[in-house]
Each structure stands twice: as structure tokens, then as C-alpha cells.
Amino acid sequence: MSANERQVLRALWADPGLSRSELTSRLDLTQQSLHRIVDQLVLRGMIRLGPPHPAAGRGQPSPTLTLLPCFAHSWGVSLNTDDLGIALMDFSGKPLVQEQHRLQGVPRKVVLDRLTSRIGELTAEHDIDPEACLGIGFGIAGYWVGGTRFNSPLPLKDWALIELGPLLSQHFNRPVWVENGANTSAVGEAMLGAGKIHPTFAYMSFNYGLGGGLIQNGELWRGGNNNAGELSGIFGPEELDNRPILQSLVALLRKNGVGPSHVGDLARDFDPDWPGVDQWVDQVMPAFNRLVAVLWSVFDPQAIVLGGQIPPALASRLIKRATIHHGSRYGVPRPAPRLLVSELGVNASALGAAALPLRVCAL
């Protein structure tokens, strides 16, 4: 794909149904160049022409353009400490499949075999061409240490500190892009959620631990060592027990005789009236407020999105209790980010992972 072709495809991903004349006004391309690019993309089967918008003036109205969904597809996989997410996305960016599977304590080989089997079943169910697969995006909990190696939490020790890229590519016989799971969540949010309105935002990923992803002007910002967004690093050893992590919430709920025994079940079964929920919120609010203050002061996002495996009702409670100090000078405050609950829910990481092959190959 040329840079100009990518410009056209990305514009149509973000705003399907644009006409050629509208594209010309949005992109730094001459009308002649744009017509040539569009003709080539139509010939390659990547976009299709649709009926023109109602004529607004003289001359022949320009046809509308959309990405052709069946041209290609990609898979997204997210691996958390106790569950596996699967997403299938067509070329237009539409999610065709979103699934969650419990896999706590299952060996890596068994996980891969089950994943291969399920991808085969879904390929047949949705009647898609296996050869039209651009690849697989794979999001895993843990921080990056080099190559395609990630230092994952203890429940994922079987996946930690090994070169996942070659292993997964060989297993699936497909190109595989491996990324931190909070980063893939942020990518999903950028393309399908809050990023449509707020191109620069921070994503908080509440899981077994606490991670994050930073999106700057629509693009993932990894930092100098590829670990931007490791939010737990803000806290010292004596503060770790008071971080807003779901592992501690599950433990507190179990102590009160309620709730699920696994983080992956929280979002599905959550009851805001469970004994222990208020105690957990009280316990983690100072740390949460500090996280918001640090992200606001250092990254200056337009929004901070709460996602990962956190139940939406619990995320809303954190937002309601948050204290943001809007200090002002001469009566003029510093613009503060909006605090938002992710609308993609627990599937954000798998959806973002599915978007990675599309972004690398075409957008």
C-alpha cells in the first residue's frame, strides 16, 4: 500500500460513505490523483462505489465510497490472567465476533489448540475465506522486555519471557502482531470508542493488575522503552495493596462471602450492593485520584477512559467519587480531561488486537 492509498482507506474507515469530491477536500491530493487511486482500489476489490449523495448543485454527482467488508479480515486475541478474548473483524472495521472464554490455569499448548479449533469453527460459521486473513493481533497482560517477549503476571507464567511472535506465527501459519493487552484495548477504544471524539486520551485497564495505554492524535504512544502506560509503576512497594486492581476486590468480596472467585467473572456477575464494594472504593480512591492527576499533568489527555475487566457500574462509581483539583490562575482553570467509562467493555483488548493487522497492512 502506498501512503496515499492508506490515506484514502483510513478516511473511509473513519467516515464511510464519503464521495470522491468530499475526499478531495479532506486529503492533500489533487482530484486527478484521487480519481486514479480510487480506481485502483476499486479494481483491487478494496473499496466499492455506491449511489451518490443527492445533487447539491450542477454537474455529475460523485459516487460514494466504502471499504469492501469481504476483501479481508483479521483476528484479535486477548489473553488475561483468567480468560481469553476472541474477536473477528472485517475489512470495514465491523466486529463480526466477540467472545470470552475461561482459561485460568490451562497450559499454553492447550490454550493454543483450543484457540485454533475455535477460529476454525468461526471461519466456517461466518463463511469467510481463510486465505483472506491479514493476520492475528495478540494482546497479552504484562510489560514488554524485548523482541516479542513480555513479563506477564504469575497466572500467565507459562507465557512470560518467551518470543511469542515466532511461536504464534508458526502455530497459526499467519502473521501475528504481539502487543501489551492494555495497549490493544487503547487501540480498540481509539478506533471504535471514545477515540472517535477524543483523539488524545489515556486508557486505564483494570484487570488482575493495573495497566494503561496512551493514544496521542489517534496513534498509540509506546514511549521510549515501549512501556508507556505502566500505571502500577507510579506506586511504591508500601502502596501496592491500595492500588485499584480487581484482584484485591475479588479477595475482599470473597472475605465477605460474596462475589465471583475470578476477575474474569466480575463484569458479568457484579452487584454494586455486595458487602465489600464500598470498602474497596474507599480504599483505592486516593490511588485512583493520584492516577488521574498524574495522567492529566504529564500526558494532558482530552479524556481518561476506564476499561479493562472492570464492571461499568463500578467504573462509574470511581468517576463519581473522583476528586480533580481544578486549580486556576487569574480565574481561568486549566482544561481537565473527561472521565469516561469504556463502551467496549471487556472486549476492548480483543477488538483492538483485531484492528492491529488492518492498521499495519492497510490503514
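Add +1 for every Lys or Arg and -1 for every Asp or Glu among the other residues with Cβ under 13 Å from the Cβ of Gly165, and state the total.
Summing Lys and Arg as +1 and Asp and Glu as -1 gives 0.
If the cut-off is 16 Å between C-alpha atoms, which aspartates and glutamates fall inside it for Lys255, apart from same-chain ones fewer than 8 positions away?
Asp241, Asp271, Asp273, Asp278
Based on the Cβ-Cβ distance of Leu112 and Asn227, what FRET efficiency does E = 1/(1 + (r/R0)^6) give at R0 = 30 Å, to the nearest 0.05?
Efficiency computed from Cβ-Cβ geometry: 0.70.
Under 19 Å between alpha carbons, and skipping anything fewer than 8 positions from Lys157 in its own chain: which lysines qualify?
Within the straight-line limit of under 19 Å, Lys157 reaches these lysines: Lys109.
Can you give me the accessible area per residue for the chain, using a 1.4 Å probe, in Å²?
Values: 16950 Å² over 363 residues.
Here the residues of the chain average 47 Å² of exposed surface.
I'd like to compare 341-350, 34-43: which one has the highest average count of other Cβ atoms within 10 Å, and what's the full order after that?
341-350, 34-43
Just add up the charged neighbours of Ala355: K/R +1, D/E -1, any other residue whose Cβ is under 15 Å from the Cβ of Ala355. Walk me through the intermediate numbers first.
On the way: positive: Arg6, Arg10, Lys94, Lys196, Arg359; negative: Asp90, Glu179, Glu189, Glu219.
Residues close to Ala355 contribute a combined charge of +1.
Give the accessible area for Lys196 in Å² (nearest 10); use a 1.4 Å probe, count only protein heavy atoms, and leave out ligands, DNA and RNA.
Estimated to the nearest 10 Å², Lys196 gives 140 Å².
Tell me the net charge near Trp144. Cut-off is 10 Å between Cβ atoms, Trp144 excluded, with +1 for each Lys or Arg and -1 for each Asp or Glu.
0
Order the peptides 60-67, 324-331 from the highest to the lowest mean number of other Cβ atoms within 10 Å of their residues.
Ranked from most to least packed, the peptides come out as 60-67, 324-331.
Which whole-angstrom value gives the distance between the alpha carbon centres of the stretch 72-100 and the stretch 188-223?
Centre-to-centre (Cα) distance: 17 Å.
Between Arg102 and Leu29, what is the FRET efficiency for a Förster distance of 35 Å, r being their Cβ-Cβ separation, to the nearest 0.05?
For R0 = 35 Å, the calculated efficiency reads 0.10.
Run the accessible area of the stretch 275-363 with a 1.4 Å probe and give the carbon-and-sulfur part as a rounded percent. Display every interim value, and only then the final one.
Values: 2160 of 3990 Å².
About 54 percent, which is the carbon plus sulfur part of the accessible surface.
With springs only between Cα atoms under 10 Å apart, run a GNM on the chain and tell me which of His126, His73, His198 wobbles the most.
In this elastic network of the chain, the residue with the biggest mean-square fluctuation among His126, His73, His198 is His126.
Counting DSSP beta bridges with both partners in the chain, what percentage is antiparallel, nearest 5?
Among the beta bridges of the chain, antiparallel pairing accounts for roughly 60 percent.
Output the Kirkwood hydrodynamic radius of the stretch 74-147, Cα pairs only, in Å rounded to one decimal.
Its Kirkwood hydrodynamic radius stands at 13.3 Å.
Among Pro335, Val292, Leu266, which residue has its Cα positioned farthest towards the positive end of the charge dipole of the stretch 225-363, with +1 placed on the Cβ of Lys and Arg, -1 on the Cβ of Asp and Glu, and the dipole taken about the Cα centre?
Towards the positive end, the residue furthest out is Pro335.
Put +1 on the Cβ of each Lys and Arg and -1 on the Cβ of each Asp and Glu in the chain; which of Pro175, Gly45, Leu154 then has its Cα farthest toward the positive end of the dipole?
Towards the positive end, the residue furthest out is Gly45.
So which lysines pass the test for Lys94, namely a Cα distance under 23 Å, with those fewer than 8 places away in the same chain ruled out?
Here the lysines satisfying the reach criterion relative to Lys94 are Lys196.
Which order do peptides 163-175, 136-148, 238-250 fall in by mean Cβ count within 10 Å, highest first?
Most protected by this proxy first, the peptides run 136-148, 238-250, 163-175.
About the Cα centre, and with charges only on the beta carbon of Lys, Arg (+1) and Asp, Glu (-1), how big is the dipole of the chain? Nearest 20 debye, please.
So the dipole magnitude of the chain works out to roughly 740 debye.
Pick the calculated Rg and Dmax of the Cα atoms in Å for this structure from (i) 42.4, 173; (ii) 19.5, 56; (iii) 22.0, 73?
Computed from the coordinates, Rg and Dmax of the Cα atoms in Å corresponds to (iii).
The values are calculated or read from the model by the stated rules, or taken from the named source; none is laboratory data. Being a predicted model, the structure only gives us computed values, none of them experimental. Note: ideal-geometry Cβ built from the backbone for every residue, glycine included; neighbour counts use all protein chains shown. Side chains are part of the model used for accessible areas, which takes the heavy atoms of the whole protein and leaves out ligands, DNA and RNA. Shrake-Rupley method; radii C 1.70, N 1.55, O 1.52, S 1.80 Å.
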